1. HN-Hα J couplings of segment 287-298 from phi, Karplus 6.51/-1.76/1.60, θ = phi - 60°, integer Hz, Gly and Pro as x?
2. Placing +1 at every Lys and Arg Cβ and -1 at every Asp and Glu Cβ, with all other atoms neutral, what dipole size does the chain have around its Cα centre, in debye to the nearest 20?
3. Note down the magnitude of the dipole of segment 278-354 about its Cα centre, charges +1 on Lys and Arg C-beta and -1 on Asp and Glu C-beta and zero elsewhere, to the nearest 20 debye.
4. What does the net charge come to around residue 227 if you take all other residues with beta carbon closer than 14 Å to its beta carbon, with K and R at +1 and D and E at -1?
5. Which shape class applies to segment 38-361: rounded if a/c is under 1.5, otherwise prolate when a/b exceeds b/c and oblate if not, where a ≥ b ≥ c are the square roots of the Cα gyration tensor eigenvalues?
6. Could you line up 153, 308 from fewest to most neighbouring Cβ atoms inside 10 Å?
7. Collect residues whose amide H, placed 1.01 Å from N in the peptide plane, falls under 5 Å from the amide H of residue 207; neighbours closer than 5 in sequence don't count.
8. Could you work out the local net charge near residue 57, counting Lys and Arg as +1, Asp and Glu as -1, over the other residues with Cβ closer than 13 Å to its Cβ?
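Nothing in this text is a laboratory measurement; each read-out follows from the coordinates by a stated rule. Computed from a predicted structure; not experimentally measured. Every residue, glycine among them, receives a Cβ derived from its backbone with ideal geometry; neighbour counts consider all protein chains shown.
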Amino acid sequence: MGPRTGRASILLCVVLAATLGGAATAGPLDFGRPFLAVDPYDEVAAMGRGMNVLGHDPVWTDPTQTRFQARHFRTIHNAGFSTVRIALHGLRHMDSDGKLDPAWLATLDSMVAAALQADLHVSLDLHYYDECDADVPGCAARIKAFWGQIAPRYQDASNGLMFELLNEPHGKLDAKTWNAMLPDVLTIVRATNPTRNVVVSPAGWGSIDQLKNLELPAGDRHIIVTVHYYWPMTFTHQGARWVSSTANLSGIRWGSTEERAKVATDFDSVKSWSEAQHRPIFLGEFGAYDRGGADIESRIRYDYTVARQAEAHGFAWAYWQFDSDFIAYDMTTDAWVTPVLYALVPPADTHSARNDLTVGTRRPALK
Ligand code: BGC
């Protein structure tokens, strides 16, 4: 437990743990084995297959309304995943002085402890949408304040916990602004976590073609670079109301020989950059929107292709996302969406602990 956690928040954690499904017993939460510095390439190899979780869950504002339960981390692990990426809207849970809400932190403590206890790697990802549009210096100060509290809090946690400094820098956080801000944010993390692996995205929404503009401190060799892959957006975001250019599209299929080959060549370019810079890659998001008119066969062909290509190129990956949208897991029936799961983790690869799987949906053909 980090040094800033007092008795009151430990008590709150215990209450929350009970609410969230009994992740921890009374007493300080367990953030895994003692920290041991690990080469980022080894970390990426161990991260393997992953799942984005908790991005849109009501738990962050009202723990009594949680959809995600601590037991779901074990469900994810048992289905063949080794990593969870927890999307945190931390900038929205600060007061005007940049102090994070203690109740929100207690929820985070419970989730981190439960995920590590389920033998998962955990990337704590700071998400934002439009919070930086009006006031870039003010936003930068809040990003630094966020890591100034989170980094010391988890400084003793196992190396399986990683800090992802900022999801998809975009808008006014263009490459120049982000490259200038990044060393300062990293310095704040390094004050208490000198050798923990930190995950960094290029600006331009973490798009692979923006890697060439990312500038990293050459002397810091505990960095994993993350990119997101949603190309072609006309397929993956058809019907998605938050992307104006594709919101009115539907019925677009995916999976021709040329389309699948493009994923391979796109990832070849990522691999070339990775090798030239000697930085390992975490594909932190990919997937195709589930409620926008894309057919399930195309969607799972896409998920399967991207996941297998990421693996063939030596990237760890995480699917967007477990619950809420693009779903891999149906919270209403408390069961996997098996076509999506099987595209991500082919059944032949799944280890023997299959108790959590609801098998019964015919696996659509992957052509
Ligand atoms: C955003 C989500 C969005 C997803 C796919 C994520 O980074 O936070 O809101 O659904 O990307 O567009």
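1. Running phi through 6.51 cos²θ - 1.76 cosθ + 1.60 with θ = phi - 60° gives x, 10, 4, 8, 10, x, x, 7, 6, 5, 4, 5 Hz.
2. Working: 33 positive and 41 negative charges, 86 e Å.
Dipole of the chain, to the nearest 20 debye: 420 debye.
3. Values: 6 positive and 11 negative charges, 59 e Å.
The dipole magnitude comes to about 280 debye.
4. Values: positive: 85, 212, 271, 279; negative: 125, 164, 168, 209, 266, 268, 285.
Net of charged neighbours comes to -3.
5. rounded
6. By the 10 Å Cβ count, ascending, the order reads 308, 153.
7. 228
8. -2
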